[in-house]
Amino acid sequence: MSLIQYYGTGKRKSSIARVFLRSGKGDITLFVNKRPRPYSEYFRLDAYKVIIRQPLLLTETEDKFDIFLRVSGGGAKGQAEAIRLGIARALVEFNRELKPVLKKASLLTRDARVKERKKYGLLGARKAPQYHKR
């Protein structure tokens, strides 16, 4: 018996999430930095759990798939948003007809904003030392 799974990659800031959807009853298995972690313990804030489940709720597929997540880098919010993008892309791979719904909710758009680097001669990315004439 072959295992049918759908794959999606999500990135946000410095977080990278690899998402595998397999048919099941809605269990979530989470690996953070190659270590298994309990999903509800790692993402303690309900806001992060809502972010992660958003594509599933929108397409009404929350109890159709078991989700396997591999996340690395960044903080909890960046990881949650990377997972959301990965789940949305995997759902499109599962069924092309879900794409307009997910696109309208802007869940298929990668948020490319990242921290700006510090420049030489400045105190931060843009903050400059105080100017004085003499």
- Note on the structure: Too long for a 23 Å Cα-Cα cut-off, among Lys77/Lys127; Lys34/Lys77; Lys13/Lys34; Lys77/Lys119; Lys34/Lys104, are Lys77/Lys127; Lys77/Lys119; Lys34/Lys104
- Item | Nearest-0.05 FRET efficiency for Tyr7 and Ser40, computed from C-beta distance (R0 22 Å) | 0.40
- For n ≥ 4 DSSP H runs only, could you compute -39500 (n - 2.57) per run for the chain, divide by its residues and tell me the 222 nm figure to the nearest 500? -9500 deg cm²/dmol
- Per-bin percent of Cα-Cα distances, the chain [10 Å]: 12, 39, 26, 11, 7, 4, 1, 0
- Query: Is the stretch 31-78 best put as rounded, prolate or oblate by its Cα gyration tensor, with a ≥ b ≥ c the root eigenvalues, rounded for a/c under 1.5, and otherwise prolate when a/b is larger than b/c, oblate when not?
  - Reply: prolate
- Query: How far is helix 76-94 tilted, in degrees, relative to the longest principal axis of the Cα atoms in the chain, given as a value from 0 to 90 rounded to the nearest 10?
  - Reply: 40 degrees
- Item | Orientation-averaged projected area, Cα convex hull of the stretch 56-134 (nm²) | 8.2 nm²
- What is the helix-to-structure angle for 46-59, meaning the angle in degrees between its Cα long axis and the longest Cα principal axis of the chain, kept from 0 to 90 and rounded to the nearest 10? 50 degrees
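Where a number appears in this text, it was derived from the coordinates with a stated rule and is not lab data. All values derive from a computational prediction rather than experimental measurement. All Cβ positions, glycine included, derive from the backbone under ideal geometry; neighbour counts span all protein chains shown.
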